[in-house]
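Participant: One structure, pasted below without further comment.
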Amino acid sequence: MNLRTVRTIFKKEMLDTVRDKRTLIMMIGVPVLLYPTLVIVGMQGALVQIASLDRSVSKVAIQSPEPEAVRAWLEDIEKIEIVDSDNPAGALRDGGLQAVVRVDGPVVAALAEGKTVQVEILYDSTEFESSGAATRLREGLEKDRDALLESRLADLQIEMDYIHPLRLERKDTAPPAKATGNALGIVLPVLMVVMLALGAFYPAVDVTAGEKERGTFETLLSTPTTKLEIVAGKFGTVFLLAMATGLLNLGSMAATFAFVAGQLRPVLGEAIRFDLQFPPSAAAVFLIIMVPLAFFVSAVMMAVAVFARSFKEAQNYVTPFFLVLMVPVFFSSMPGVKLNAATQFLPVANVILLFRDMLTGKAEFEMMFAVFLSTVAFAALALLFAAWLFQREEVILSEEKGFPLTWRRSEFRPRDTITAGMSVALFVVMLIMLFYVGSTVQTWSLLPGLLITEWIMILAPILLLLWYTRVNFRPALNLYPISPGGAAASLVTGFFAVILVIQLGYWFNRVLPVPQEFQEEMAKLFGDTRGLPQLAALLFVAAVSPAICEEVMFRGVLLSGFRSRMGNWPAILLSGVLFGIFHISVYRIPPIAVLGVVLSYLTVRTGSIHAGILVHLLNNTFAILLATGYAPEFVSRVLQLEQFENQGLPTLVLLVAVAGFAAGVAGVEFSARRSPAKPLDA
């Protein structure tokens with residue numbers, strides 16, 4: 001790789017980027033001008049409004065058979081004006097009054113007899129003035145209440161301490177620096193990741209799809225420049241701009257928060273405890289970790305954008321990744337999630353959690369090293385993936401022929417698969433249907449709802465789509481026969497993969513425990529299975545139906561659509577991840593996504609969707625038999641299920657599962673060489 005060539009490409013991309021107003025606005029305009037302006041102007045406006053409300057006088061009416069007794073309490077409360085009103089409720093509703101003090105029944109006689117007088121403060125919580133009036137009245141009446149109580153106790157010659165055997169008081173022992181770090185640690189790391197992604201967004205789109213749209217990619221490829229040099233030059237540009245945007249935003253937000261805290265301190269006094277301490281050593285560590293994070297985000301965005309043919313299309317492709325990036329961001333913001341042995345290897349989330357620990361002074365060197373190491377590993381994988389994509393001319397220069405915009409079926413040309421873009425669109429539509437319609441019918445009645453979801457909402461629209469757009473069912477759904485050897489090897493692979501996925505679910509549950517409500521919902525699925533007919537019905541609904549309908553979607557139309565545009569492994573990984581997301585629950589996504597990758601791999605290597613259907617059916621049947629107690633007793637004994645919740649599967653079982661899975665994969669590869677899969681024509 002010629003570094004001079006890389007530097008030339010880098011300079012050319014940087015020059016093009018700084019001429020782009022959109023990039024400059026996102027990189028410089030937003031952090032340097034927009035944040036401080038919005039926050040400072042908004043804060044000063046809020047202070048002015050607070051001061052105005054504090055100076056205002058609240059108009060209050062009394063609604064009582066003995067108004068003079070109540071008036072005596074209210075006259076000493078500051079900024080309260082007592083007014084007469086024939087219709088206090090109407091005046092409060094119309095804004096003529098800010099509050100009404102209502103006392104039903106006698107006042108003087110009740111107090112004289114040592115009874116309690118019920119006092120109600122009526123106010124409108126949607127009006128700031130009314131809420132402020134209620135606060136003033138409550139604080140003033142509490143003083144009157146305490147004075148009356150003290151008077152009664154004095155008459156009885158009882159000390160105040162006698163009726164307060166315990167005096168409770170909460171004292172925050174966290175130093176101001178830790179409290180400040182905890183508050184900022186919730187906001188700043190999240191905003192930093194978001195801004196880092198925004199900084200990489202437009203450059204990644206422009207240096208890939210934008211160059212395709214301008215028609216200069218072919219010219220660049222015709223020069224004596226290697227693809228690796230092109231990738232390095234373009235990636236350097238995206239990485240540098242992402243880092244610059246992230247650091248500018250981080251610095252701007254920290255300075256803005258410090259300025260706001262300084263402005264609020266004279267107003268709120270000791271109520272605000274702001275003391276930001278971020279020593280240079282911690283800043284240096286965080287800067288070092290931001291580098292591989294920016295590498296990771298930039299490489300993935302470039303890899304996604306390179307599939308697009310135009311700037312606009314790339315925006316549509318990269319935006320979903322941007323949303324996916326928010327998953328670890330939200331996960332790290334959940335209460336109780338901490339940086340530990342498990343979360344330190346979660347990409348993106350581990351950096352946010354580490355940053356939070358550094359702001360609160362809890363970060364340990366071992367954790368810092370683990371986060372850095374794992375982030376470097378993810379960045380290297382993403383960069384290798386991006387470089388690999390740029391080596392493929394069918395990705396760089398492909399001109400995918402999409403579907404015509406017409407309602408006439410005769411205008412669709414016959415083809416073997418749908419496009420990759422249409423696969424993504426189909427998945428999104430199905431996900432929306434599942435979320436809004438599927439969840440509704442399953443709430444109405446679980447088992448019939450599942451049947452409707454699988455056969456009517458998933459399978460029927462896919463078959464109708466393929467027929468209407470004149471797509472050949474056989475290659476689109478991988479409807480090829482499977483060899484006996486391929487089927488046997490797939491079952492072996494799938495069986496041991498299911499065991500490993502069970503253990504993966506256990507590990508994930510240690511990181512993000514499944515709530516009791518979710519377990520109860522899953523238990524409802526199995527319902528009453530005390531008889532074989534009930535068990536057979538449950539197996540048909542929850543095992544057979546998903547094995548057919550979901551495999552047609554994921555290992556059929558989506559997998560073949562992705563393979564028409566990208567290589568086998570990107571298509572396998574993407575369809576697997578989407579399979580996990582399709583199950584909606586965050587507690588099930590990782591293990592199901594891994595299972596989806598295995599199912600896609602088996603389908604690709606055997607060339608038949610039947611491999612996916614067999615293993616999917618095996619997985620669901622195994623899970624149902626275990627959950628309903630119909631599994632053979634020796635299975636529970638071997639897996640030691642009674643100890644699973646606390647210890648997971650036995651080590652020996654895991655070792656056998658790993659060996660069995662490897663043997664199954666070897667069998668699949670051997671079978672694939674003897675009976676090569678059918679080539680996929682795009």
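The values are calculated or read from the model by the stated rules, or taken from the named source; none is laboratory data. Everything quoted here is computed from the prediction, not taken from an experiment. In this analysis, Cβ positions are derived from the backbone assuming ideal geometry, glycine residues included, and neighbour counts consider all displayed protein chains. Protein only, heavy atoms only, side chains kept; ligands, DNA and RNA dropped before computing areas. Shrake-Rupley method; radii C 1.70, N 1.55, O 1.52, S 1.80 Å.
Participant: Looking only at the range 587-601, which residues are modelled with pLDDT of 90 or more and open to solvent by less than 30 Å² (accessible area, probe 1.4 Å)?
Facilitator: Ile592, Ala593, Leu595, Gly596, Val598, Leu599, Ser600, Tyr601
Participant: A further question on this structure: Residues that are under 43 Å from the mean Cα position of the chain (by Cα) and either among the acidic types (Asp, Glu) or in a helix (DSSP H, G or I) (or both): does the range 63-76 have at least one?
Facilitator: No; the residues of the range 63-76 include none that is under 43 Å from the mean Cα position of the chain (by Cα) and either among the acidic types (Asp, Glu) or in a helix (DSSP H, G or I) (or both).
Participant: Could you figure out which of (1) farther than 23 Å from Thr126 by Cα; (2) surrounded by 12 or more Cβ atoms within 10 Å (Cβ to Cβ); (3) not β-branched (Val, Ile, Thr) isn't true of Glu75?
Facilitator: (2)
Participant: What about Pro546, is it touching a Leu at 6+ places or on another chain (Cβ under 6 Å), assigned to a helix (DSSP H, G or I), open to solvent by less than 20 Å² (accessible area, probe 1.4 Å) and in contact (Cβ under 8 Å) with a residue 40 or more places away in the chain?
Facilitator: Judged against the criteria, Pro546 is not a match.
Participant: Name the one entry in Leu573, Leu614 that is under 19 Å from Phe307 (Cβ atoms) and open to solvent by 40 Å² or more (accessible area, probe 1.4 Å).
Facilitator: Matching residue, one of Leu573, Leu614: Leu573.
Participant: From the set of residues in the range 78-92 that are assigned to a helix (DSSP H, G or I) and surrounded by 12 or more Cβ atoms within 10 Å (Cβ to Cβ), which is farthest from the chain's Cα centre (by Cα)?
Facilitator: Per the criteria, the residue is Pro88.
Participant: Looking at Arg4, Arg55 in this structure, which one is more than 29 Å from Val205 (Cα to Cα) and modelled with pLDDT of 70 or more?
Facilitator: Being more than 29 Å from Val205 (Cα to Cα) and modelled with pLDDT of 70 or more holds for just one of Arg4, Arg55, which is Arg55.
Participant: Against the condition farther than 23 Å from Leu325 by Cα and at pLDDT below 75, how does Glu218 come out, does it pass?
Facilitator: yes
Participant: Whether any residue in the range 549-560 is closer than 29 Å to Asp416 by Cα, assigned to a helix (DSSP H, G or I) and open to solvent by 20 Å² or more (accessible area, probe 1.4 Å) is what I want to check.
Facilitator: No, the conditions are met nowhere in the range 549-560.
Participant: Identify all residues within the range 193-221 that are among the hydrophobic types (A, V, I, L, M, F, W, C) and either crowded, with 22+ Cβ neighbours inside 10 Å or not in a helix (DSSP H, G or I) (or both); write none if there are none.
Facilitator: Val193, Met195, Leu196, Ala197, Ala200, Phe201, Ala204, Val205, Val207, Ala209
Participant: Quick test for you: out of Leu373, Leu353, Leu323, Leu287, pick the one residue that is in contact with a Ser or Thr (Cβ under 9 Å, 6 or more places away or on another chain) and either of a type in the set (Gly, Ala, Ser) or in a helix (DSSP H, G or I) (or both).
Facilitator: Just a single option satisfies the conditions, and that option is Leu353.
Participant: Additional query: Going through Pro175, Pro165 one at a time, which residue ends up being open to solvent by 30 Å² or more (accessible area, probe 1.4 Å) and at pLDDT below 75?
Facilitator: Pro175
Participant: For residues in the range 588-630 being more than 18 Å from Leu500 (Cβ to Cβ) and in a loop (DSSP other than H, G, I, E, B), which is farthest from the chain's Cα centre (by Cα)?
Facilitator: Tyr630
Participant: Which ones in the range 100-114 are assigned to a strand (DSSP E or B) and crowded, with 20+ Cβ neighbours inside 10 Å?
Facilitator: Matches in the range 100-114: Val100, Val101, Val103.
Participant: So, Val604, is that one of a type in the set (A, V, I, L, M), more than 29 Å from Val329 (Cβ to Cβ) and either at pLDDT 90 or above or open to solvent by less than 30 Å² (accessible area, probe 1.4 Å) (or both) or not?
Facilitator: For Val604, the condition - of a type in the set (A, V, I, L, M), more than 29 Å from Val329 (Cβ to Cβ) and either at pLDDT 90 or above or open to solvent by less than 30 Å² (accessible area, probe 1.4 Å) (or both) - is met.
Participant: Right, here's the next one. Which one of these does Ile584 not meet: (1) under 20 Å from Asn509 (Cα atoms); (2) open to solvent by less than 60 Å² (accessible area, probe 1.4 Å); (3) out of contact with any Leu (no Cβ under 6 Å at 6 or more places or on another chain); (4) touching a residue at least 60 places away in the same chain (Cβ under 8 Å)?
Facilitator: (2)
Participant: Considering every residue within the range 397-405, establish whether at least one is open to solvent by 40 Å² or more (accessible area, probe 1.4 Å) and modelled with pLDDT of 75 or more.
Facilitator: no
Yes or no, residue by residue, for (1) modelled with pLDDT under 90; (2) surrounded by 11 or more Cβ atoms within 10 Å (Cβ to Cβ):
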| residue | (1), (2) |
| --- | --- |
| Phe622 | yes, yes |
| Thr628 | yes, yes |
| Glu633 | yes, no |
| Arg637 | yes, no |
| Thr651 | yes, no |
| Leu655 | no, no |
| Val658 | no, yes |
| Val668 | no, yes |
| Arg673 | yes, no |
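Participant: Just to be sure before I move on: is Ser636 in a loop (DSSP other than H, G, I, E, B) and of a type in the set (Ser, Thr, Tyr) in the structure I sent?
Facilitator: no
Participant: For the range 459-509, name all the residues that are hydrophobic (A, V, I, L, M, F, W, C), closer than 17 Å to Thr603 by Cβ and open to solvent by 30 Å² or more (accessible area, probe 1.4 Å).
Facilitator: Matches in the range 459-509: Phe473, Leu479, Ile482, Ala488, Leu491, Val492, Phe495.
Participant: What helices (runs of 4 or more DSSP H) lie completely within the range 445-508 and have 1 or more residues being β-branched (Val, Ile, Thr)?
Facilitator: Passing ranges, in order: 460-468.
Participant: Can you name the condition, by its number, that Ser58 falls short on among (1) in contact (Cβ under 8 Å) with a residue 12 or more places away in the chain; (2) open to solvent by 60 Å² or more (accessible area, probe 1.4 Å); (3) under 50 Å from the mean Cα position of the chain (by Cα)?
Facilitator: Of everything listed in (1) in contact (Cβ under 8 Å) with a residue 12 or more places away in the chain; (2) open to solvent by 60 Å² or more (accessible area, probe 1.4 Å); (3) under 50 Å from the mean Cα position of the chain (by Cα), Ser58 misses just condition (2).
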